[in-house]
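Encoded as structure tokens, the structure appears first; notes follow it.
The values are calculated or read from the model by the stated rules, or taken from the named source; none is laboratory data. In this text the structure is predicted, and so the values were computed from the model without any measurement. Here Cβ is always computed from backbone atoms with ideal geometry, including for glycine, and neighbour counts include all displayed protein chains. Areas reflect the complete protein model, heavy atoms only, side chains present, ligands, DNA and RNA absent. Shrake-Rupley method; radii C 1.70, N 1.55, O 1.52, S 1.80 Å.
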Amino acid sequence: MTDRTQFVRSLAEEAAQLALKLRRDQGADFIQAKGHQDFVTFADRAVEELIRARIEEAFPGEDVLGEEEGQTGDGPRLWVVDPIDGTANYMRGGADWAVSIAYAEDGVLRHAAICAPELDVTIWSEKGAGSWTRHDGQERALALSTCDDVRAGTLMLGWSGRQPVPSHLETIQNALGAGMEYRRNGSAVISLLAVAMGRAEGYWERYVNPWDVFAMWLILEEAGAVIETLPVLDYIGSPKHFLAMVPQLETELRAIVGTLPPVD
């Protein structure tokens, strides 16, 4: 690993341990609502503050886009951070949440790491160097699912209130009609993690934020997955569609998803 890749991996793991500690030690006002079914905890903000501080120490002057504090600038070197993806799971004591950190340079994703501590998983990637995971005490290269029959496959689904309910239900109907199973767990990172570790064959969300998917985007591409979305610089600014799939089921998954939404 290069120094920057080692940095992003170590930082994701450090941030995840802080999130665990803060949940154990939580007091009054730990949870607040940002909107309907949209929550933030004291830990979300504290973890993002830690990540921003570590980045400034190691790479002063580089910009950061974070879910809680927004974007610091529009320079060529940009870190994209979700301090806790799956906050609704995290605040309820669930395990399906993760810290996600990506680094892009001149609009190209270069380094990424996610840490899901309660699933005992860290995954990291460097452009051109593959994707790797630490799980069950072992480090190994990622291996996608080899399933080539859509009727034996699983599609991970995301949900956003920006999407009309009928179109979300249509995707479920299309998946079931094709003989495919589907799952929704409330975290884009954890859903994409299932694809990365060969536990699912695809992921689809019609409107998802960049901090939710940028790290896993690089990780999955380096592992051999097909990604359908906008270029990095066009993605930043508002939620966009994101489709990740194993190459052998690309035709079937595109048919299940159907026409892609217009870009704002």
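Tabulated data for the structure shown
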{"quantity": "Qualifying residue in region 214-234 (condition: on the phi < 0 side of the Ramachandran plot, touching a residue at least 24 places away in the same chain (Cβ under 8 Å) and touching a Phe, Trp or Tyr at 6+ places or on another chain (Cβ under 7 Å))", "calculated": "no"}
{"quantity": "Residue count, region 237-264 (criterion: over 25 Å from residue 142 (Cα atoms) and open to solvent by less than 40 Å² (accessible area, probe 1.4 Å))", "calculated": "7"}
{"quantity": "Verdict on residue 174 being part of a helix (DSSP H, G or I), out of contact with any strand residue (DSSP E or B) (no Cβ under 7 Å at 6 or more places or on another chain), surrounded by 13 or more Cβ atoms within 10 Å (Cβ to Cβ) and not acidic (Asp, Glu)", "calculated": "yes"}
{"quantity": "Answer from 132, 159 - the residue that is aromatic (Phe, Trp, Tyr), part of a loop (DSSP other than H, G, I, E, B) and open to solvent by 30 Å² or more (accessible area, probe 1.4 Å)", "calculated": "159"}
{"quantity": "Scan of region 110-129 for residues that are surrounded by fewer than 24 Cβ atoms within 10 Å (Cβ to Cβ), more than 13 Å from residue 219 (Cα to Cα) and hydrophobic (A, V, I, L, M, F, W, C), ordered by number", "calculated": "119, 121"}
{"quantity": "Strands (runs of 3 or more DSSP E) (entirely within region 1-111) containing at least 1 residues that are touching a Phe, Trp or Tyr at 6+ places or on another chain (Cβ under 6 Å) and at pLDDT 90 or above", "calculated": "63-66, 77-85, 98-105"}
{"quantity": "Filtered residue count, region 71-94, keeping only those that are farther than 17 Å from residue 216 by Cβ and of a type in the set (Phe, Trp, Tyr)", "calculated": "1"}
{"quantity": "Test: residue in region 67-89 that is farther than 18 Å from residue 11 by Cβ, among the hydroxyl-bearing types (Ser, Thr, Tyr) and touching a helix residue (DSSP H, G or I) at 6+ places or on another chain (Cβ under 8 Å)", "calculated": "yes"}
